[in-house]
Amino acid sequence: MPELEQLHAGHAPAVLAFELVNRAYFAASISDRGDEFFDRFPDRHSASLAEQEAGICAFYVLVADDGSILGRFNLYDIEDGTAKLGYRVAQQIAGRGVATATVRELCRIAATRHGLRTLRAATSHANVASQKVLTKAGFVPVGPAAPADLGGKSGTWYQRDLQP
């Protein structure tokens, strides 16, 4: 059974493998991270851990029984009880409800562990799968998302108010 774990230094090799294996799949629906992301991955991973330590972000990975990463679920721009949510799941598990179940779990964690009251997430108009995940996880559309929010694509912001 996959387990949601807070990101730590030891996850780096599995996270990089996850990103590389799924790069083309992700690029079909969200902005590609670019070659620099992969070339400088150790530095990026360390920077993410520093942001997490500072309380600006909280990064989670969905870890399979074999230690591989099945998804990334991130809370970022944490401020005044609010955070933005971003996530991506491996192609091999897409469409099976895993993203929805994990987003629901992260909502519980966001409220109980991080004291958050509101989560916001943006998705492009073309990313129907993500729209379904957010809706099934209790998010509601709250307005347009600018191309600057979505790597050049237009879309919608969704929001969910959390229960402590």
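On the first, second and third principal axes, largest extent first, how far apart are the outermost C-alpha atoms of region 105-164 in Å?
In descending order, the Cα extents are 33, 21, 16 Å.
With the cut-off at 1.5 for a/c, could you classify region 50-96 from its C-alpha gyration tensor as rounded, prolate or oblate?
oblate
What residues have an amide H closer than 5 Å to that of L4, excluding those fewer than 5 places away on the same chain, when H is modeled at 1.01 Å from N in the peptide plane?
Under 5 Å from the amide H of L4: V63.
Helix-only mean residue ellipticity at 222 nm, the chain, DSSP H runs n ≥ 4 weighted -39,500 (n - 2.57), per residue, nearest 500. What is it?
-10000 deg cm²/dmol
Compute the Cα gyration tensor for region 1-42, then decide on rounded, prolate or oblate, letting a ≥ b ≥ c be the square roots of its eigenvalues: rounded whenever a/c is under 1.5, prolate when a/b is larger than b/c in the other cases, and oblate in all that remain.
oblate
Send over the per residue convex hull volume for region 65-144, Cα only, as a whole number of Å³.
105 Å³
How high is the relative contact order of the chain? Use alpha-carbon pairs under 8 Å, at least six apart in sequence, and give a whole percent.
About 19 percent, as a whole number.
Can you compute 3J(HN,Hα) from phi for each residue in region 11-24, using the Karplus curve 6.51 cos²θ - 1.76 cosθ + 1.60 with θ = phi - 60°, rounded to whole Hz and x for Gly and Pro?
6, 3, x, 5, 5, 4, 4, 4, 5, 5, 4, 9, 4, 5
Only bridges whose two residues both fall in the chain count here: according to DSSP, what percent of them are antiparallel, nearest 5?
90 percent
What percentage of all Cα-Cα pairs in the chain are separated by more than 24 Å?
Roughly 32 percent, rounded to a whole number.
Defining a contact as two alpha carbons under 8 Å apart and six or more residues distant in sequence, what relative contact order in percent does region 71-145 show?
31 percent
For the pair E5 and V128, how long in nm is the line joining their label points, each one 7 Å along Cα→Cβ?
Those two pseudo-labels are separated by 3.6 nm.
What's the carbon and sulfur percent of region 1-152's accessible surface, probe 1.4 angstrom, rounded to a whole number?
52 percent
The values are calculated or read from the model by the stated rules, or taken from the named source; none is laboratory data. Predicted, not measured: the structure shown is a model, and the values here were computed from it. Please note: Cβ atoms are built from the backbone with ideal geometry, for glycine as well, and neighbour counts cover all protein chains shown. Please note that ligands, DNA and RNA were not included when accessible areas were found on the heavy atoms of the full protein model with its side chains. Shrake-Rupley method; radii C 1.70, N 1.55, O 1.52, S 1.80 Å.
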